[in-house]
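Taking it in order: structure first as structure tokens, then the write-up.
Read the figures in this text as sums done on the coordinates, not as results from a lab. All of these numbers come straight from a predicted model, not from anything done at the bench. Note that each Cβ is placed from the backbone with ideal geometry, even for glycine, and that neighbours are counted across all protein chains shown.
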Amino acid sequence: MAERPFIYRFTNDLRLDDHAGLAAAAAHGAVFPLLVIDDATGERLKRSPRRAGFYCESIRSLDTELRERGSALCVRRGKPAAIITALAREIGATGAAWSVRYDGAAMDRDNRLQSELEENGLAATMVHDAPAVGPEETAAVRTGDGAGYRAFAPYFEAWSQLPIASYEHPLLLRFARCDAGSEALPHLDEFGGEPAAVASGPAHARRAFERFLREDAAQYAIASKVPADDRTSHLSALLSFGAISARTIVRAVRDRIGDPFMLSEERISLRLFLRAIAHRDFLLQLSWFHPRTNDEPLQEKMRGFEWQRSHRELESWRRGTTGYPLVDAGVRQLRASGWMHPHVRAVAASWLCFDLGVDWRIGRDEWDRFLIEDDLALATGNWQWIAGVGADMAQYPRIYNPERQRRRYDPAGLYVRHWIPELRHVPLDEWYGRRSSSAQLALSLYDAQSYAVPSLDHAVEARAFLRRYREFASS
Ligand SMILES: Cc1cc2nc3c(=O)[nH]c(=O)nc-3n(C[C@H](O)[C@H](O)[C@H](O)COP(=O)(O)OP(=O)(O)OC[C@H]3O[C@@H](n4cnc5c(N)ncnc54)[C@H](O)[C@@H]3O)c2cc1C
């Protein structure tokens, strides 16, 4: 009897190598590669034009790789359960597999899909592919309730001890031909998208990671907080669409750390980079075990804390015109490129939550309109952590002083000047407190008048916020 194929539904795992989901599907038969554009995918892509452009390019690369292996992506638009059921009947597939997603709404949809397919007599397999170490693997290390970790330090300790699986060369991985006929590949016009300004796809992801490992990773400890250096890996969008596997990254970095000739400073840098990848796994498992935290704080006692829903300065924050150069440069970088330097994200998010007292969900949803990354669980986990309502809650939230951070990490103003043209020719010592400063600024020599003057005082606002926070937390 001819072998029956097994459907693999690609979502945010757009590559063929080191792929846990494909390996699981291949254990059942030749893999039939399917892409379903459902309403939820369409909505996510319509939210951020750059994300849509990046996604469409990633799909094109995946389809090219499949064609090189004698197959092709089969594209359908509509409801996944009906599409997979009809397709399985048409091609004689016994079931479908896909990889788990980690935000609450997607998890609900995936669970419904699994039930519907099983009711229709099909096997339905969900696989952890996005993290380097799956949530259940780290949870199993704990002897407690099996509900994962809420604090990063013990999580990282457990994570560091665990081996990393490899699906690099699954013996059984063969692809079925797409004989069922495919709709057109997704095109950015469909989602109001913009052409991708940054490269995407598995081949680029591998090159980008190898370049980072060769040239920048050994300086990560010193350079990763300096936005003008721009020497973090820039892998976040590629990871969020699965162009490269986190397992591939961790295995390669662990191998490098094992090199006996490596300098100790370099080893420290690589460990810090591994910590960043582990942080990603940590937040994914947090959302996996606490799916309702997409919209409410992980910390139960902070659920009633009253954040502002509006503020006279909210629009300035959105547009990058607060008068605090590091905050504004970060927001402008995001709006212009779809990415913001990681440390600047923390400073700009802190300003919204503490200087304005505005709800972290408003900040998260605002940035989601511009980010290429498509990872709500990571966005939520980071915003909750900054706002002091999520994992690892210290006694009081960490409030960044935006001007001190600017002086420390962008002392020559290179990053700020790049993103804020109004400050390009203004001397550094005139940047802060300009309202009362030198008469020189009155000269047309400088363009300072066109850059915003801060309308609130960080020290005053941060103290007022802390007072309110303390009262609430101790009540
Ligand atoms: C307020 C705030 C909001 C954020 N929103 C998002 C978001 O919407 N989507 C998103 O993917 N990331 C988010 N991050 C995390 C991080 O800033 C981005 O992933 C950033 O793009 C990493 O840049 P990089 O790839 O050069 O990082 P590198 O420093 O080179 O790190 C390597 C990889 O580790 C992971 N990583 C690093 N830092 C974090 C972190 N704090 N949390 C989780 N994973 C991390 C990322 O996958 C990253 O690509 C947010 C951080 C903050 C402070």
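Counting alpha carbon pairs within less than 8 Å and at least 6 residues apart, what relative contact order, in whole percent, applies to the chain?
Taking the mean separation of contacting Cα pairs over the length of the chain, I get 18 percent.
Give me the distance in nm between label points sitting 7 Å out from Cα along the Cα-to-Cβ direction at LYS301 and ARG408, one decimal.
Here the modelled spin labels are 2.7 nm apart.
Which order, highest average first, do 133-141, 280-288, 467-475 follow once you tally other Cβ atoms within 10 Å for each residue and take the mean per peptide?
Averaged packing, sorted descending, gives the order 280-288, 133-141, 467-475.
Hey, quick one: spin label on ARG4, modelled 7 Å out along Cα-Cβ, who in segment 12-30 has an amide N within reach, i.e. under 17 Å?
In segment 12-30, the label zone of ARG4 (backbone N under 17 Å from the point 7 Å along Cα→Cβ) covers 25-30.
For the chain, would you read off the P(r) tail past 39 Å as a percentage of all alpha carbon pairs?
The answer is 27 percent, as a whole percent.
Classify segment 204-258 as rounded, prolate or oblate from the Cα gyration tensor: take a ≥ b ≥ c as the square roots of its eigenvalues, call it rounded if a/c is under 1.5, otherwise prolate when a/b beats b/c and oblate if not.
Oblate shape, in that a/c is at least 1.5 and b/c is the bigger or equal ratio.
About the Cα centre of the chain, how large is the charge dipole given +1 on each Lys and Arg Cβ and -1 on each Asp and Glu Cβ? Please answer in debye to the nearest 20.
Once rounded to the nearest 20, the dipole reads 760 debye.
Divide by every residue of the chain the summed helix terms, -39500 (n - 2.57) for each DSSP H run of at least 4, and state the resulting mean residue ellipticity at 222 nm, rounded to the nearest 500 deg cm²/dmol.
Helix contribution divided over all residues of the chain: -14000 deg cm²/dmol.
How much length, in nm to one decimal, is gained on full extension between HIS234 and ASP392, taken as 0.36 nm per residue of separation minus their Cα-Cα distance?
Extending this stretch completely gives an extra 54.4 nm.
Using amide H atoms built 1.01 Å from N in the peptide plane, name the residues 5+ places from ALA123, or on other chains, whose amide H lies under 5 Å from its own.
Result for ALA123 returns GLY95, ALA96.
Could you calculate the contour length gain from LEU172 to LEU466, that is, 0.36 nm times the residue separation minus the distance between their Cα atoms, to one decimal place in nm?
100.1 nm
What does the C-alpha gyration tensor say about the overall shape of segment 6-129? Classify as rounded when a/c is under 1.5, otherwise prolate if a/b is larger than b/c, or oblate.
Oblate, because a/c is 1.5 or more while a/b does not exceed b/c.
Using Cβ contacts closer than 10 Å as the measure, can you line up SER61, SER337, SER99 from fewest to most?
SER337, SER61, SER99
Tell me, what ³J(HN,Hα) does each residue in segment 295-308 have, in order and in whole Hz, if you take phi through Karplus 6.51 cos²θ - 1.76 cosθ + 1.60 with θ = phi - 60° and put x for Gly and Pro?
Whole-Hz 3J(HN,Hα) from phi for segment 295-308: 10, 9, x, 5, 6, 3, 6, 9, 5, x, 5, 8, 8, 6.
Sort by residue number and report every cysteine in the chain with no other cysteine beta carbon within a distance under 4.7 Å.
So, CYS56, CYS353.
So for HIS19, HIS279, HIS169, fewest C-beta neighbours within 10 Å to most, what's the order?
So the ranking, lowest neighbour count to highest, is HIS169, HIS279, HIS19.
By how many nm would the segment from SER182 to ALA27 grow when fully extended, if each residue of separation counts as 0.36 nm and the alpha-carbon distance is taken off?
The SER182-ALA27 span can extend by a further 53.4 nm.
Once R0 is set to 35 Å, what does the formula 1/(1 + (r/R0)^6) return for the Cβ-Cβ distance between GLN219 and LEU162, expressed as a FRET efficiency to the nearest 0.05?
Once the sixth-power term is evaluated, E becomes 0.80.
On the Cα set of segment 269-403, report Rg and Dmax in Å, please.
Reported Rg and Dmax, both Å: 14.5, 43.
Mind ranking 418-430, 231-243 by how tightly packed they are, going by the mean number of other C-beta atoms within 10 angstrom, highest first?
231-243, 418-430
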